[in-house]
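> This is the structure I have questions about; it appears just below.
The values are calculated or read from the model by the stated rules, or taken from the named source; none is laboratory data. Just so it is clear, the model here is predicted, and its values are computed rather than measured. Every residue, glycine as well, gets a Cβ built from its backbone with ideal geometry; the counts of neighbours run over all protein chains shown.
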Amino acid sequence: MLTKWILCDRKSEFADSNKLHTELSPTKRALLALEQMQAKLEALENRHHEPIAIIGTGCRFPGGVESPEQFWQLLRNGVDAIAPVPQDRWNIDEYYHPNPDIPGTICNRLGGFVGNLQDFDAQFFRISPREAASLDPQQRLLLEVSWEALENAGLAVDRLVGNQTGVFVGICANDYWHRLLSRQNTEIDAYLATGNSHSLAAGRISYSFGFTGPSLALDTACSSSLVAVHSACQSLRNQECNLAIAAGVNRILSPQMSINFSRAKMLSPEGRCKTFDQAADGFVRGEGCGVIVLKRLNDAIASNDNILAIIRGSAVNHDGRTSGLTVPNGRAQQTVIQQALENGRVKPEQVSYIETHGTGTPLGDPIEVNALNAVYGENRADHFPLIIASVKTNIGHLEAAAGMAGLIKVILALQHQEIPPHLHFNTPNSHIDWDKIAVKVPTVFLPWVRGNQDRIAGVSSFGFSGTNAHVILAEAPLLETKSITTEPTVNLLTLSAKTPTALQQLAVRYQNYLKNNKNHALADICFTANIGRSQFNHRLAIITRSKQELQQQFAEFCSGGTPEELFQGRVRENQVNHSFFPDLEFLPLQNDAKLLSNLAEFYVNGGSVNWEKFYQGYSGCKVVLPNYPFQRQQFWI
């Protein structure tokens, strides 16, 4: 090692490199070169372990869930979202039979389903009606939920065009593809391939949003979405992208795969995932879409992003040769968990919760619990049992989106510092030696006690392809809270939409939001709305002095009135003013109602506002605001 004086004083004493090499002895020059090489290796090693921040989420899950907030309410209230197969999928009476050995039948009538199957806002994404009709509902969901996740992160998509953003999608179903292929050859149009290719599930997001980073669709069966998360993290650490979207999606349109799973005796005849229970008899199918937005932690802190949780480490491996193609391998599960812990520099005893794969199968559950205990059970204090649960007991097995559903559940649990109840656990599985393992299954919601260390969790997802994934999540770092030192006396809030109806509905959403969210500062709400949303041609701008006044202004506007200090305009494509409003520094404007009114009028008439310059030096933070109200129409074949 170099002596202390070389380490501390070399910048000042030997600033000139020529002088440095001439004044140091050969031995010290060699030591300096070695120290520099060690520093580079350490920096490279640290980069491979760099935490990844989760800064945005979006989801559509069974039970009418259309936002993370709704998902949390479902989880916390212990809702079972399993329901009969909807009529827009297939007539279950034609396929149901309790005996799975009967060819062409399905042994249950149930599943976890998401609505609006045939509906989509094609105009918003600049997709023609003919192309939209051939577009896989999975691609439709991915576009909408990815947009919502970016808005949840306070990122304006129109300012990300050309950005090196990566897109990583877990997807494996192709029901709509088979539906379209069942037509006559003369009915096949030019959009069949692009509308249903899995590669375009990712590529269409990148194309539509103007992203230039890696764009990959991944199919490892049930572990697809968690493998997508792992791939996104690796891409960020390797500097391939500076922002990443990781997603998982699944749609169930036709009975064929359910027939297959029924004949293979994978499905639960009762239509419930009874994970870890003696009555576990298979899984129930589910559908949905989950998206998270990722950034390197240091970048997220520097950008003052709203950090929801962090990914400390992740790993992926394969079962190798087992006693059967789809038989899980407990040893491989242990290995992937250990690798994820090592990659995250986390000790097993630091982890307090595991969101398990937990499909509720007689074979899979004991293998998974034993693997968890082998890794996490050692050195665990009796008063600190490992809590294990599975979101599949609420919403079913979402297949390619299953890992993402579990991961978003953990993000929400970390934020709320509570662990939701695990359903359908009445009699513990007798093939699991509960007396000898330090695990606990929560049947009611539990406070997630922090103790003297961070809350840390693991999420597992195992595909019947043999590909396993495990992700280590931790609560967001306790950073110094940024808040504005002086609340402005006058604020400007802007909204925009692609249609008058969407603008009206967005205003209603803000009115309801202000009723139900009392904690956020008005200046932070305006900051996020102005800087964190894309700008469209139907525009609204409001000068306001308090949240109460803003709520009243929205109420009057939504009732057809014209409140004072509310500006509205429609910008035609050839009328967009690409010049910028002068003198946009935030601090001089914060109490100048007249100047803000001029800015509002400039904005609604098509002016381009440099919000980054306007908020330069702003010390507040981004907050979660209402999402864009998509104007869906039916597109179906």
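> Just to be sure, is Ser254 surrounded by fewer than 18 Cβ atoms within 10 Å (Cβ to Cβ), of a type in the set (Ser, Thr, Tyr) and free of Cβ contacts under 8 Å to residues at least 60 places away in the same chain?
It is false that Ser254 is surrounded by fewer than 18 Cβ atoms within 10 Å (Cβ to Cβ), of a type in the set (Ser, Thr, Tyr) and free of Cβ contacts under 8 Å to residues at least 60 places away in the same chain.
> Quick check, is Ala340 outside any loop (DSSP other than H, G, I, E, B) and farther than 30 Å from Glu66 by Cβ?
Values: outside any loop (DSSP other than H, G, I, E, B): yes; farther than 30 Å from Glu66 by Cβ: yes.
When the stated conditions are applied, Ala340 passes them.
> Being more than 30 Å from Ser258 (Cβ to Cβ), modelled with pLDDT of 95 or more and in a helix (DSSP H, G or I): is that true of Ala405 here?
In short, no.
> Could I ask something else about it? Name the pairs: first residue in the stretch 437-453 and touching a residue at least 24 places away in the same chain (Cβ under 8 Å), second residue among the basic types (Lys, Arg), Cβ to Cβ under 7 Å, at least 6 apart or on different chains?
Here the result reads Ala438/Arg380; Phe445/Arg76; Trp448/Arg455, each pair linking the stretch 437-453 to a residue that is among the basic types (Lys, Arg).
> Still on this model: Of all residues in the stretch 536-553 being surrounded by fewer than 20 Cβ atoms within 10 Å (Cβ to Cβ) and of a type outside the set (D, E, K, R), which is nearest to Glu151 (Cα to Cα)?
Step one: filter the stretch 536-553 for residues surrounded by fewer than 20 Cβ atoms within 10 Å (Cβ to Cβ), giving 536-537, 545-549, 551-552.
Checking which are of a type outside the set (D, E, K, R) leaves us with 536-537, 546, 548, 551-552.
Working: Phe536: 14, Asn537: 18, Ser546: 24, Gln548: 24, Gln551: 21, Gln552: 25 Å.
By that ranking, first place goes to Phe536.
> Tally the residues that are assigned to a helix (DSSP H, G or I), within 20 Å of Glu66 (Cβ to Cβ) and under 25 Å from the mean Cα position of the chain (by Cα), restricting the search to the stretch 488-527.
Within the stretch 488-527, residues that are assigned to a helix (DSSP H, G or I), within 20 Å of Glu66 (Cβ to Cβ) and under 25 Å from the mean Cα position of the chain (by Cα) number 9.
> For Phe113, only one of the following conditions fails: (1) in contact with an Asp or Glu (Cβ under 7 Å, 6 or more places away or on another chain); (2) farther than 19 Å from His397 by Cα; (3) among the aromatic types (Phe, Trp, Tyr). What is its number?
In the conditions (1) in contact with an Asp or Glu (Cβ under 7 Å, 6 or more places away or on another chain); (2) farther than 19 Å from His397 by Cα; (3) among the aromatic types (Phe, Trp, Tyr), Phe113 misses (2) alone.
> Could you grab me the full set of residues in the stretch 401-429 that are touching a helix residue (DSSP H, G or I) at 6+ places or on another chain (Cβ under 9 Å) and among the polar types (S, T, N, Q)?
Gln415, Asn429
> Here are Asp319, Asp305: which of them is surrounded by 15 or more Cβ atoms within 10 Å (Cβ to Cβ) and more than 16 Å from the chain's Cα centre (by Cα)?
The match here is Asp319.
> If you don't mind, another one. For the stretch 336-352, indicate whether the set of residues that are surrounded by fewer than 23 Cβ atoms within 10 Å (Cβ to Cβ) and within 21 Å of Thr393 (Cβ to Cβ) is non-empty.
Yes.
> Identify, by number, the condition in (1) within 25 Å of the chain's Cα centre (by Cα); (2) assigned by the TED database to the domain that holds Asp299 that Gln535 doesn't meet.
Only one criterion is unmet by Gln535, namely (2).
> Now a separate question. Could you check, for the stretch 177-199, whether at least one of its residues is closer than 25 Å to Gln535 by Cβ and without any contact (Cβ under 8 Å) to a residue 60 or more places away in the chain? Step through it out loud before you land on a result.
Filtering the stretch 177-199 for residues closer than 25 Å to Gln535 by Cβ gives none.
No, the conditions are met nowhere in the stretch 177-199.
> For the stretch 176-202, give me each residue that is small (Gly, Ala, Ser) and crowded, with 19+ Cβ neighbours inside 10 Å.
Initial filter on the stretch 176-202 (small (Gly, Ala, Ser)): 182, 190, 193, 195, 197, 199, 201-202.
Residues satisfying the conditions are Gly195, Ala201, Ala202.
> I've got another one for you. In the stretch 149-170, how many residues are at negative phi and surrounded by fewer than 23 Cβ atoms within 10 Å (Cβ to Cβ)?
Looking only at that region, the number is 8.
> Select from the stretch 104-136 the residues that are among the β-branched types (Val, Ile, Thr) and surrounded by 20 or more Cβ atoms within 10 Å (Cβ to Cβ) and write down the one among them that is farthest from Trp177 (Cα to Cα). Steps first, answer last, please.
Of the residues in the stretch 104-136, the ones among the β-branched types (Val, Ile, Thr) are 105-106, 114, 127.
Narrowing further to those that are surrounded by 20 or more Cβ atoms within 10 Å (Cβ to Cβ): 106, 114, 127.
Numbers: Ile106: 22, Val114: 19, Ile127: 18 Å.
In this case the residue turns out to be Ile106.
> Sticking with this one: Which members of the stretch 565-606 meet the condition of being part of a loop (DSSP other than H, G, I, E, B) and either buried (at least 16 other Cβ atoms within 10 Å of the Cβ) or at pLDDT 85 or above (or both)?
Across the stretch 565-606, the qualifying residues are Glu565, Val571, Phe581, Leu584, Gln590, Asn605, Gly606.
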